[in-house]
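Visitor: Here it is, the structure in full.
The values are calculated or read from the model by the stated rules, or taken from the named source; none is laboratory data. None of these values were measured; they are calculated from a predicted model. Note: ideal-geometry Cβ built from the backbone for every residue, glycine included; neighbour counts use all protein chains shown.
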Amino acid sequence: MTQEKQQGGRVLHVFNNIISQGTKDPDLPPEVPSRRWMYWQMTRAVAKKVVRAPFSLHTWAALRRQLLANILPDNLVYRYKAYQHGECNRCGLCCKIQFQCPFFVDEGPYNTRCSIYTTPHAPSACLKFPLDPMDLKLLQREIGNACTFYYEGAPQKLSILDFAKLYAQGVRQQLAKRKLKEAADSGD
Ligand code: SF4
Ligand code: SF4
């Protein structure tokens, strides 16, 4: 494991000792001592990636995933899911490209996990990976094809007009879903 991981582990341990369990934010897993710490780690991670942008194709691949995962409606972002195969073997390699993610937890070979994956703070780009064959290919390039996801087949290619129609349709569907949820939450 890298020096960075060892330091990260020590920081977590120290914080865990200082902050009593009673003051813990219920949204946060035990590995994350506070929201402030979490947002600081996220900011540092983004900054580290951006600094590497001039030299690293991986940064552009990560930026592409981040953008698409956040701006595309579900009907477009999940377009390739029906053609995606394989299961994550928890090798953890995708969380250690360039540097080890501060939320990465290593509990042995093929026994790694993300401490924030099941919380509302998990990055969309991580939850939705892989988005499409290009996304997977760019990641496989960094980790020697070790990721166990793969694609068979592909959806029909979209013209710009088809894309625009699907985009508008997807946005309408998501707005309708949001309204329904808001109505359900307010008890109407
Ligand atoms: S590289 Fe692929 S198989 Fe390994 S942890 Fe990441 S998603 Fe899972
Ligand atoms: S899945 Fe979790 S540990 Fe891996 S890169 Fe994303 S936030 Fe970090």
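Visitor: Between a residue in region 25-54 that is free of Cβ contacts under 8 Å to residues at least 12 places away in the same chain and any residue that is part of a loop (DSSP other than H, G, I, E, B) and among the hydrophobic types (A, V, I, L, M, F, W, C), which pairs come within a Cβ distance under 8 Å, given they are 6 or more apart or on different chains?
Guide: Filtered contacts from region 25-54: ARG35/LEU28.
Visitor: Could you check region 73-98 and list, in sequence order, the residues that are over 15 Å from the mean Cα position of the chain (by Cα) and of a type outside the set (S, T, N, Q)?
Guide: Once the filter is applied, which keeps residues that are over 15 Å from the mean Cα position of the chain (by Cα) and of a type outside the set (S, T, N, Q), region 73-98 yields PRO73, ASP74, LEU76, ARG79, TYR80, LYS81, ALA82, TYR83, HIS85, GLY86, GLU87, CYS91.
Visitor: Given the structure, is ASP132 surrounded by fewer than 18 Cβ atoms within 10 Å (Cβ to Cβ), within 16 Å of ligand 1 (Cβ to nearest atom) and either in the same structural domain as VAL32 (by TED's automatic domain parsing) or more than 30 Å from SER34 (Cβ to Cβ) (or both)?
Guide: Here the answer is no, as ASP132 does not meet what is asked.
Visitor: If only one of CYS88, CYS95, CYS114 is more than 8 Å from ligand 2 (Cβ to nearest atom) and either surrounded by 14 or more Cβ atoms within 10 Å (Cβ to Cβ) or modelled with pLDDT of 95 or more (or both), which one is it?
Guide: Selected residue: CYS88, the only one of CYS88, CYS95, CYS114 that is more than 8 Å from ligand 2 (Cβ to nearest atom) and either surrounded by 14 or more Cβ atoms within 10 Å (Cβ to Cβ) or modelled with pLDDT of 95 or more (or both).
Visitor: Inspect all residues belonging to region 80-97 and state whether any of them is closer than 25 Å to PHE163 by Cβ, without any contact (Cβ under 8 Å) to a residue 12 or more places away in the chain and more than 11 Å from ligand 1 (Cβ to nearest atom).
Guide: Yes: region 80-97 contains one or more residues that are closer than 25 Å to PHE163 by Cβ, without any contact (Cβ under 8 Å) to a residue 12 or more places away in the chain and more than 11 Å from ligand 1 (Cβ to nearest atom).
Visitor: Does PRO123 fit the bill of being surrounded by 16 or more Cβ atoms within 10 Å (Cβ to Cβ), within 30 Å of ALA164 (Cα to Cα), away from ligand 1 (no atom under 11 Å from the Cβ) and in the same structural domain as TYR39 (by TED's automatic domain parsing)?
Guide: yes
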